[in-house]
1. Considering only protein heavy atoms and a 1.4 Å probe, what is the carbon-and-sulfur percentage of the accessible area of the chain?
2. Give, in nm to one decimal, the length gained when the segment between Met47 and Asp102 is fully stretched (0.36 nm per residue of separation minus the Cα-Cα distance).
3. Under the rule of -39500 (n - 2.57) per DSSP H run of 4 or more residues, summed and divided by the residues of the chain, what mean residue ellipticity at 222 nm is obtained, to the nearest 500 deg cm²/dmol?
4. Compute the distance in nm between two label points, each set 7 Å from the Cα along the Cα-to-Cβ direction, one at Phe11 and one at Leu54.
5. Go through Phe43, Ile97, Asn76 and say which Cα lies farthest out towards the positive end of the charge dipole of the chain; charges sit on Cβ, +1 for Lys and Arg, -1 for Asp and Glu.
6. How much accessible area per residue does the chain have, in Å², with a 1.4 Å probe?
7. Please list, in order along region 66-83, the HN-Hα scalar couplings obtained from phi with the Karplus expression 6.51 cos²θ - 1.76 cosθ + 1.60 (θ = phi - 60°), rounded to whole Hz, x for Gly and Pro.
8. Compute the distance from the alpha-carbon center of region 1-55 to that of region 83-102, in whole Å.
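The values are calculated or read from the model by the stated rules, or taken from the named source; none is laboratory data. Computed from a prediction, not measured in an experiment: that's the story for all the values here. Cβ placement follows ideal geometry from the backbone for every residue including glycine, while neighbour counts extend to all protein chains displayed. For the accessible areas, the whole protein counts, side chains as well, though only heavy atoms, and no ligand, DNA or RNA atoms are used. Shrake-Rupley method; radii C 1.70, N 1.55, O 1.52, S 1.80 Å.
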Amino acid sequence: MINLRTSLVFFIFVATFSLNDGDNLLDRIVYEASFLYTLVAAFGVSMMLSGRSLHLMFAVWVLGLTANLPAEFPLNLGIDRDVFGGFMVWTLLVPMISRRLD
């Protein structure tokens, strides 16, 4: 069931994933991503995070934000922004995979 917390997380991720439109993580993965792809990605991440702790939501948000910023910003930290996107995806998928294997 979608509650207020999940809805708030959804809107935060829509804003995060639509940041830097034209050069964000979705545009690098999908050829000419549209706003529909942004909505689907934000909905998927929100559903994966619903019921999770607040620190995990914050970690995924920070990784997603850093992966979608302009290329110069994460390079100041010495790490490519695609690495941040990879960490975000693995932060979401590893708990799901480990629960299935147990």
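1. Numbers: 4660 of 6610 Å².
Of all accessible area on the chain, carbon and sulfur atoms account for 70 percent.
2. Numbers: separation 55, 0.36 × 55 = 19.80 nm, distance 2.14 nm.
Answer, rounded to one decimal: 17.7 nm.
3. Values: 6 runs with 75 residues, N = 102.
Calculated from helices alone, the mean residue ellipticity at 222 nm is -23000 deg cm²/dmol.
4. Placing both labels 7 Å beyond Cα along the Cβ direction yields 1.8 nm.
5. Ile97
6. Values: 6610 Å² over 102 residues.
It amounts to 65 Å² per residue over the chain.
7. Those phi angles translate into 5, 6, 9, 6, x, 4, 5, 5, x, 5, 5, 7, x, 10, 5, 5, 5, 5 Hz.
8. Measuring centre to centre over Cα atoms gives 16 Å.
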